[in-house]
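The values are calculated or read from the model by the stated rules, or taken from the named source; none is laboratory data. These numbers were taken from a predicted model, which means no experiment stands behind them. Quick reminder, even Gly has a Cβ in these numbers, built from the backbone with ideal geometry, and neighbours come from all protein chains shown.
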Amino acid sequence: MHKIKRKNILSTSTDAKQIPEMELYFPKFSKKLEKQLSQEEICIQCHGCCMYVTVPLDPPEDEDTIQMYIWYLYHRNIEIYLDLYNQWQILMKTPCENLLPSGYCAIYENRPKICKEYDPQNCSRTGKDYKVLFKTPEEFLKYLSKRKIKK
Ligand code: SF4
Ligand code: SF4
């Protein structure tokens, strides 16, 4: 087992509030500009889909799962949503290491399949891609309690 160096422990801040909350940004352009810009130019200015990771989740149907999701939501830059196909997803707001300050991808030719297949005609910039979004445990619990009442 590795020994944890005391120096490392002391240099790690325990104040989560010091880590900025990230907001995802998907620019909208005027209709005129939208027609003038190529898709590549739009994506370079946007690069919104390079700023997060999503992973499918099981539906929160039992107490253990609900408790797990509450724990996720207590973490900065983590959100949970129900997508348009009723799939639960965790959203981790964190930029890809390959995103260059210019908005280009440093590994464009070898970017992962998911990046190659992502359709700009049907992406997060062009439309709402979730039914319900939870940023806090309180929002999530409120939604669950309302759903329980409706049953
Ligand atoms: S595919 Fe959509 S979300 Fe991704 S960079 Fe292009 S316009 Fe932005
Ligand atoms: S690999 Fe390239 S295209 Fe894919 S998320 Fe990272 S920067 Fe964006």
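A few notes on this one:
- Count of region 53-109 residues, restricted to those that are assigned to a helix (DSSP H, G or I), surrounded by 14 or more Cβ atoms within 10 Å (Cβ to Cβ) and aromatic (F, W, Y), is 2.
- Candidate set from region 3-37 (those that are farther than 27 Å from Y52 by Cα and among the β-branched types (V, I, T)); member that is modelled with the highest pLDDT: I9
- Checked against (1) within 16 Å of ligand 1 (Cβ to nearest atom); (2) of a type outside the set (K, R); (3) within 22 Å of Y130 (Cβ to Cβ); (4) modelled with pLDDT of 95 or more, Y118 passes all but condition (4).
- Residue in region 110-122 that is loosely packed, with under 11 Cβ neighbours inside 10 Å, among the polar types (S, T, N, Q) and within 17 Å of the chain's Cα centre (by Cα) present: yes
- Remark: pairs (first residue in region 27-55, within 13 Å of C115 (Cα to Cα); second residue more than 12 Å from ligand 2 (Cβ to nearest atom) and of a type in the set (S, T, N, Q); Cβ separation under 9 Å; 6+ apart in sequence or on different chains) = G48/S124; C49/S124; Y52/N77; Y52/S124; T54/Q89.
- None of Y85, Y81 is of a type in the set (S, T, Y) and closer than 16 Å to N122 by Cα except Y85.
- Test result for C96, within 13 Å of ligand 2 (Cβ to nearest atom), under 22 Å from E23 (Cα atoms) and at pLDDT 95 or above: yes
Quick grid of which residues meet (1) touching a helix residue (DSSP H, G or I) at 6+ places or on another chain (Cβ under 7 Å); (2) within 28 Å of D15 (Cβ to Cβ); (3) of a type in the set (K, R):
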| position | (1), (2), (3) |
| --- | --- |
| C46 | no, no, no |
| P56 | no, no, no |
| R76 | yes, yes, yes |
| C96 | yes, yes, no |
